[in-house]
1. Helix 47-63 sits at what angle to the longest principal axis of the chain, using alpha carbons and giving 0 to 90 degrees rounded to 10?
2. Test of the criteria: in segment 43-98, which trypsin sites (Lys or Arg not before Pro) are in a DSSP loop and have at most 12 other Cβ atoms within 10 angstrom of their Cβ?
3. At 7 Å along Cα-to-Cβ for each site, give me the label-to-label distance between Asn46 and Lys96 in nm.
4. Along the Cα→Cβ direction, 7 angstrom out, place labels at Ala60 and Glu86. What is the inter-label distance in nm?
5. For Cα pairs less than 8 Å apart in space and 6+ apart in sequence, what is the mean separation divided by the residue count of the chain, i.e. the relative contact order in percent?
Amino acid sequence: MHKSIAVGLQEKHTGIIQTLLMEFEQHRLPRLLRLKEKVDRGEAVNDVDFDFLCKQVNDACITKHLTVNFPELQEFCLHMWHMYKELCDRAVENEKIN
């Protein structure tokens with residue numbers, strides 16, 4: 001591949017990653033943390049919370065390929081997958097209790 005094309009693709013991917021991380025930090029993470037607090041209190045998730053969590057897991061699956069090209073994102077993605085799993089597990093436990 002021509003060097004200038006490779007550099008252009010790298011810059012494009014870097015811009016996409018920066019945008020995804022900024023959107024995650026400003027919008028998704030605060031909502032995930034509120035949802036975590038909710039399930040940690042033993043509350044059941046409602047349909048809106050469930051839909052949001054499903055979307056997060058789906059989006060994580062879609063962007064998973066980025067960790068192949070950008071291995072520095074692997075640790076971040078693993079932490080997020082762990083958080084999603086904990087939220088889902090706790091939500092299921094709470095649903096059984098409630």
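Here, each number is a calculation from the coordinates, and none is a lab measurement. Small disclaimer: the values here were computed from a predicted structure and weren't measured. We place every Cβ from the backbone using ideal geometry, glycine too, and count neighbours over all the protein chains shown.
1. 30 degrees
2. On the way: sites: Lys55, Lys64, Lys85, Arg90, Lys96; in loops: Lys64.
Those that pass, being in a loop and sparsely packed, are Lys64.
3. About 2.5 nm, to one decimal.
4. 1.1 nm
5. Details: 32 pairs, mean separation 34.1, N = 98.
Contact order relative to length: 35 percent.
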